[in-house]
Structures are given as C-alpha cells and as structure tokens.
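A.B. asks: Input: one structure, supplied below.
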Amino acid sequence: FEVDLYQNASACQTPLDRQYHEDILKLEKAGGRKNCRIFTYTDHDRFTNLEEHCQKLTDSDHEVPSYLAERMANVRRRRQDRKPIETSSLKSKIITWEPSDEFIKNNHVINTPVQTMYIMGDLGPYGKLGHREYEHVLCTIKVDSNGVITVKPDFNGTKGPYRIELDGEKREVWKYTIENVSAQMRPEEAEREQQMFRDVRATTDPLYLIICSLLQTLPGTLRLMVNGEIVSAQGYEYDNLYVHFFVELPAQWSSPAFQQLSGVTQTCATKAVGWDNVAYFCYLFTLEMFFTQGDESEGSLPQWPVLYFEVLSLDSWQRYRVEGYGSLVLPASPGLHELTISTWRPVELGTVAELRRFFIGGSPELEDLTYVRIPSTFKGARLSRLGFRTETTGSVTFRLHCLQQSKAFLETSALRQRMQSVLDRLGGFSQQSSVYSVLEAFQRARRRMQEARKSLPQDLISTSASTVHQSQEP
C-alpha cells in the first residue's frame, strides 16, 4: 500500500515521504520490486504495532489489563529528538510540587531511547496484496542508545520455523525462519578489534591503568591489601571505650609513603547484650603493604605484619583507663577473616592501685606496645616475663578482607611455585608462631655446637670420631 500511496507526489508530506516517492520511481524504472510480500517499517514511518501496547501478562482469554499496564502502554519509548541535559548546570528546583503528565512520562518511567524497525509480511491472497488487514509483523529489530541490538523473535538456528495462522475460511498457515547471514569476521580482524578495545581501555579506564602500573612496579614482590573493620569490644569493666592500634612491619616489608599504619576509633558507649557490655565501633581502615623476597638462603624465616592494639576508656570526668592490650597477626590467606582477640592489662598488688584507678583514673601502662608479643628492641636469647602481673579483660572482634597481588602469579609455573613457597613459609609462620621460635632455637644451638667444636683439641675430636665409627660396626 505504500507503493500505491507514495506514487503520487501530492500524498507526500514529509521529507521521508518524498524520499520514498523517489525510491518508488527508481524501482519502477528498474523493473519493479523483486519481492512483493516482504517489506519494512522504520522508526519514522506512520506505523504503530498494536501488539506492543496490548501484550498480555497471562494466557487467560478474559484477562483485563491493570491500571499500570494501561498507563505503561501509552508511554512512547522512542525519543530521538530529546535534548541532552547539561549535567554541569545546577537545578534551581529540587522538588516539582505540581508535575505534569509529560513530566511524569519523561522522568518516572524507564525510558531508554530506542530505534525500531519492523520486518513485515503481506500474507494476503494472491491478487489482493497491499491491504492493511493482511500485514503481520515477522520480526522486530530494536537498537537502544547503548548500542544493544534486540531481535524478536530470535534466530531459529536448530529450532523449527515460526508459524502464523490466519483467520478466515481457508485458515492458511505461513512458515518462516530468521537467520543471521552477516559475514563472519576473520580471525585476524577479530584480533585487531580486540587489540583496539584493549588500547582504548588502556588509555581511558583509570582502574585498568592503576592495575597495570602496579603489576609493572611489582616484579618480585607481594602486595597485601587489607580492608579491615574493628567491629566491637566486649567484656570490659568501664564504659565509653575506644581502640588505638598500629601495624608493625617486619624486615623485607614496606608501605607507601601516604599509607597510615595507625589509627584511633571513636569513643563508643556500651550496651548490654546478654551477660556482656558490648561497644560496636564499626570502624573501617585500609592497609597496603609490600613484601620483597630476599635471599632464601638466609638463616631467619620471613615474618608477617602484626597489628597491635590497646583498648581504653574515657568517662565524663575525662579520666581515662587502660582496659586491655592485644595483638593480631594479619591472616596469610586471602579472603574474609573474622577474628576475636582476647586482651589483658597489667595490674599492681594492693588496694591502693585499684582505688587510684577508680577515683582518679590512670593505671599501669606499657611503654612499648610491642611488649604484647616480642618487643622490637629485644635482641636476647630468651624473653622472660617472670614477676610481671597481668589480668584478663575483654576481647575485640576484627573483620578483615585480605587481598594478595603479585605479578609472579601470572608468569611461568616456576615463578608461581617459587611465590607459593614463599606464601607457604609466611603462612606457616602466621599460623604456627611456635615453629619460628623452635627453628631459631635450633639454629642458635647448632651455631653454639659448631663454635664449641672449633674450640676443642683436634686429637679429642679424632678420638671421639673413631669411637663412634667402631660402635657402629657389627
């Protein structure tokens, strides 16, 4: 019917209509249309697919559309002429107290600009082509502003053909298939396109740039990221608690210059939960550290960073008291870890110290917080705490999300095995700290035996060696 309509120049009203008139004249000069049943409606044609506006939600023949379905059916989703909104300009009115219907349609409905093309089929009987009642939609192709192409119904592939059954005396049945006949991209073209996408991403995506720069600057290191949270503290004597913490980096560990390795939480009042008074801090912190692998032949084993913390209380008279000390070895395995660490505090004998703590505040404190484990200044053979009196107090709950990153994970298997061995050694130390002390003691004893052996006379060493050899013979 469009061919019959646009043959007359007087029926053309828009530039698109006049373009159709010129195309029809060219077709007639070329011998007419090759296919009289397949044609299309583009987005600017005066055609509306009523099926889009009366889609049923159920398979019931007596279904009545709801109020929302009727309102949504009246929303036209094609808005190519919509002007872009300047995001930099500040809106003068935050709230529109009397919105119009057009305002509601444009702002309260998911309305992505879409261009639509209908592939139509004229299924009328022979000799009666061009009647609107015989037109049926065979396929709908939509392209939104994001570049997503939607084909409905989908390509047939291995499925059977689609069927359209006409109403009438003969009850004709038409079958058709939809196939994707686009030329396949050659492998070298696909590789070139992927390389172009990577180049564009590398020059535009800031996160991709950061990751690439980090991997390039970490040739033989392990990067440890910890997103931590001090969740709560429970079981302490006084109220209004706060936590002071810091991280100690052992040898071969470092951190960026901007990284803060210490922090203090807010003062939190406790609430009764069961038998304990609990203070919920929900204090977040982030740690970034780097481990540089040294010579594996060194005698000492690598160590993992340790988080030291102390819990204090502050009352309305500005009297503060130390409630407990504790330490936490950062987890060696990536993932989520929720740990509850028990604490203790030093005490003095007698009632005077407790009276001072109750009335004027203050209590014995550690001058060096690393004394909770092994002090950083300690260089002796063994650490003795004989005579040091402490008292068990409450506990602090931590939630740690650990991430490990290393370029060695992406390289050859030999480097991966090497890095895995380092992680195993580090993880073994963090999980079983006693192993480290035992091995260190063994190495010290071995060195002492070697020194003692050097100081003995040579004849005594040869005699003892021959005696051992004779005792081993049958």
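The values are calculated or read from the model by the stated rules, or taken from the named source; none is laboratory data. Computed from a predicted structure; not experimentally measured. Positions of Cβ are generated from backbone atoms using ideal geometry, with glycine treated the same way; all protein chains shown enter the neighbour counts. Quick note on the areas: whole protein, heavy atoms, side chains included, nothing else; ligands and nucleic acids left out. Shrake-Rupley method; radii C 1.70, N 1.55, O 1.52, S 1.80 Å.
A.B. asks: Can you find even one residue in segment 153-173 that is open to solvent by 100 Å² or more (accessible area, probe 1.4 Å), part of a loop (DSSP other than H, G, I, E, B), more than 30 Å from residue 44 (Cβ to Cβ) and modelled with pLDDT of 80 or more?
C.D. replies: Yes, because at least one residue in segment 153-173 is open to solvent by 100 Å² or more (accessible area, probe 1.4 Å), part of a loop (DSSP other than H, G, I, E, B), more than 30 Å from residue 44 (Cβ to Cβ) and modelled with pLDDT of 80 or more.
A.B. asks: May I pose another question? Being within 26 Å of residue 266 (Cβ to Cβ) and touching a residue at least 24 places away in the same chain (Cβ under 8 Å) narrows it down to one residue among 366, 349; which is it?
C.D. replies: The unique qualifying residue is 366.
A.B. asks: For the structure I just gave you, tell me whether residue 347 is assigned by the TED database to the domain that holds residue 247 and over 31 Å from the mean Cα position of the chain (by Cα).
C.D. replies: yes
A.B. asks: Please go through segment 151-199 and pick out each residue that is more than 24 Å from residue 133 (Cβ to Cβ) and touching a residue at least 40 places away in the same chain (Cβ under 8 Å).
C.D. replies: None; the set is empty.
A.B. asks: Given the residues 357, 345, which is the only one that is farther than 23 Å from residue 406 by Cα, modelled with pLDDT under 85 and surrounded by 13 or more Cβ atoms within 10 Å (Cβ to Cβ)?
C.D. replies: The match here is 357.
A.B. asks: Can you tell me which of (1) in a loop (DSSP other than H, G, I, E, B); (2) among the basic types (Lys, Arg); (3) buried (at least 16 other Cβ atoms within 10 Å of the Cβ) is the one residue 382 doesn't meet?
C.D. replies: The single condition residue 382 does not satisfy is (3).
A.B. asks: Still on this model: Counting only residues that are closer than 21 Å to residue 43 by Cα and touching a Cys at 6+ places or on another chain (Cβ under 9 Å), which one in segment 129-152 is most open to solvent (accessible area, probe 1.4 Å)?
C.D. replies: Within segment 129-152, the match that is most open to solvent (accessible area, probe 1.4 Å) is 152.
A.B. asks: I'm trying to understand the selection: among the residues of segment 110-128, which are surrounded by fewer than 10 Cβ atoms within 10 Å (Cβ to Cβ) and within 24 Å of residue 4 (Cα to Cα)?
C.D. replies: The answer is 126, 127.
A.B. asks: Take the conditions surrounded by 10 or more Cβ atoms within 10 Å (Cβ to Cβ), outside any helix (DSSP H, G or I) and at pLDDT 80 or above and apply them to residue 48. Does it pass?
C.D. replies: For residue 48, the condition - surrounded by 10 or more Cβ atoms within 10 Å (Cβ to Cβ), outside any helix (DSSP H, G or I) and at pLDDT 80 or above - is not met.
A.B. asks: Next question. Just to be sure, is residue 375 open to solvent by less than 30 Å² (accessible area, probe 1.4 Å) and assigned to a loop (DSSP other than H, G, I, E, B)?
C.D. replies: yes
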